Amino acid sequence: MANKYFPTIGLEIHAELKTQTKMFCGCSNDPDEELPNVNVCPVCMAHPGALPVANKKAIENVIKVGLAINGQIADFSEFDRKNYFYPDIPKGYQISQYKYPIVSGGRLADMDVTRIHLEEDTANNKHDRGNFSLIDFNRAGVPLMELVTEPHTFETAEETAKKATRFAKELQLILWYLGVSEANMEKGEMRVEANISISADKNKLGTKVEVKNLNSFRSVERAIKYEVDRMTELMESGKGDEIVQETRGWDETKQQTFSQRKKEGSADYRYFPDPDLPKMKLHEAFDLEKMKQDLPELPEVKRLRYKNDFGIKDEDIEVYINDPVLGAWFEDIAYRLMPEKEKIKIASNLITNDLVGSGKDFKNFLNIDSFVDAIDAVHRGELSSRVIKDLLMVADGFEKGQTILKYAREKGLIQKNDEGAVKVLVEKAIAENPDVVAVYKSGKENAIMSLVGKIIKESNGSANPQIVIKLLKEML
């Protein structure tokens, strides 16, 4: 029987911070700039004699993230030089943090955080120009937050990949809610790196491999699972010595990792405090208590409130958590329907299942008072679920002052609860569909639903389905 191998993962996540200027100079921090090398100056291009000045807003943004995950904000912090020679680092070193990060500890999405530090981003290499590469320095010097998690050991490759992806998604939400980063992975504003190892001993770490620059949540999940499976296969076939400490990339086309280079250690970077930047006393420079009080409601707290106050499905909650503007629109409706949670559930189902998927800008044309009145009508049986869905799809064409209920009454769409009126439709359906009646009477009771559908259609959706079914059964 093959040994069981336990995967261990630690994440390093970089996020570009949303500030007006770069980390150590006055150049514009504009991720949407299309022209290359326009947001540059002597400081971020490392001209002789140019001196950096730290961006206080970027430091404040990192502190906010630290407070949001209950991390410890350092009293003393400093910037260090991380020395390496790549063409996208104009100085020959990157200003980063080593021994004294801004944030230590904290927890998010069931994973412990080791540290969050602040550094400058590198330039952007362009490798699509034939036999040579070009460099765009617009991104060089942009404030970059790096979060490092503790290593976490799991039971399977699938669990490891899902937990890591959940953490990355939750961090992206935190960054959005705090307003400190757009964290757009497609634009490279948030980049995930995974440190992965496996071991037959749950309490012992194996050889670590780093998979770099994963730029989508799908890539994060698939790359981690692939790498754990690759390592496991090597171990089970007696080739465990082929697992070496290295950096690997992810090939989206082939859906597999590939070796890039041997992994450097901290000694290779020859860290030392940057002599051009002053030391920082953060507890003096920032009012941490006030910053903590001023934090917005964060995703996990909002989830609990939505669950407790509104009683809606977890899937619906996640829709609102991931779109705070939609969430605020839903809350306006939900609090008008309080305390009747059944009405709120009806409203939420219509929003998430019908309106969101319609492709229409419903928040702008759908009057909230009109919608709330319509939900009340659905709840008391005046509007059927089918009719309200159809009406929501045409509400963008309503004239000024027209409401959903008013339109439904004008078009004769109010649900028929009068058994006498519905009985006429039932009798007609039975007379016109003798084969379905015969099938039903032969013992196939589900055949009745065919008649129900025809009657609902005949009534333009206004016949109450419960009354239709009751009368059909009685008359058959």
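Each reported figure results from applying straightforward, stated rules to the coordinates on display, with no laboratory input. Quantities reported herein were computed from a predicted structural model and do not represent experimental measurements. FYI the Cβ positions are ideal-geometry reconstructions off the backbone, even for glycines, and counts take in every protein chain you see.
Brief remarks follow.
- For the stretch 6-289: relative contact order, % (alpha-carbon pairs under 8 angstrom, 6 or more apart): 25 percent
- Nearest 10 degrees, 0 to 90: helix 157-178 Cα axis against the chain principal axis: 90 degrees
- Cα-based reach from Lys239 at 18 Å (exclusive), listing lysines while leaving out same-chain residues under 8 positions away: Lys4, Lys208
- Length-normalised contact order of the chain in % [C-alpha pairs under 8 Å, at least 6 apart]: 14 percent
- This model, with +1 at the C-beta of Lys and Arg and -1 at the C-beta of Asp and Glu, gives the chain a dipole about its Cα centre of some 640 debye.
- Neighbourhood charge, 10 Å Cβ-Cβ cut-off, centred on Val38 and excluding it, Lys, Arg +1 and Asp, Glu -1: -4
- DSSP bridge orientation in the chain - percent antiparallel, rounded to nearest 5: 95 percent
- Annotation: aspartates and glutamates with alpha-carbon distance below 15 angstrom to Lys473 (same-chain offsets under eight excluded): Glu419, Glu427, Glu445.
- In terms of Cα atoms, the Rg and Dmax of the stretch 6-289 work out to 19.1, 57 Å.
- Dipole-positive endmost among Ala200, Leu295, Gly238 within the stretch 196-307 (Cβ charges, Cα centre): Leu295
- Around the Cα centre of the stretch 1-77, unit charges on the Cβ atoms of Lys, Arg, Asp and Glu (plus for the first two, minus for the last two) sum to a dipole of about 300 debye.
- Residue-count net charge about Leu118 - beta-carbon cut-off 13 Å; Lys, Arg +1, Asp, Glu -1: -3
- Just so you know, the Cα atoms of the stretch 1-108 work out to an Rg and Dmax of 17.9, 66 Å.
- Charged side chains reduced to their Cβ positions (Lys and Arg at +1, Asp and Glu at -1) give the stretch 117-217 a dipole of some 200 debye around its Cα centre.
- Three-way shape label, the stretch 27-76, alpha-carbon gyration tensor, a/c 1.5: oblate
- Alpha carbon convex hull of the chain, projected area averaged over orientations, nm²: 33.2 nm²
- Against the chain, whose longest principal axis is taken from its Cα atoms, helix 324-337 shows a tilt of about 40°.
- Average projection, convex hull of the Cα set of the stretch 258-354: 12.9 square nanometres.
- Mean residue ellipticity (222 nm) of the chain, computed from DSSP H runs ≥ 4 via -39,500 (n - 2.57), nearest 500: -11500 deg cm²/dmol
- Simple rule: put +1 on each Lys or Arg Cβ and -1 on each Asp or Glu Cβ in the chain, find the dipole, and look at Val378, Asn364, Thr114; the Cα lying farthest toward the positive end is Val378.
- Between 0 and 90 degrees, the angle of helix 217-236 with respect to the longest Cα principal axis of the chain falls at about 70 degrees.
- Annotation for the stretch 125-193: GluC sites (Glu not before Pro) lying in DSSP loop with at most 10 further Cβ atoms inside 10 Å of their Cβ are Glu186.
- Net charge, Met235 excluded, C-beta distance under 13 Å - Lys, Arg +1, Asp, Glu -1: -4
- Flagged links, alpha-carbon separation over 27 Å, of Lys162/Lys307; Lys360/Lys406; Lys91/Lys262; Lys163/Lys254; Lys22/Lys292; Lys82/Lys290: Lys82/Lys290
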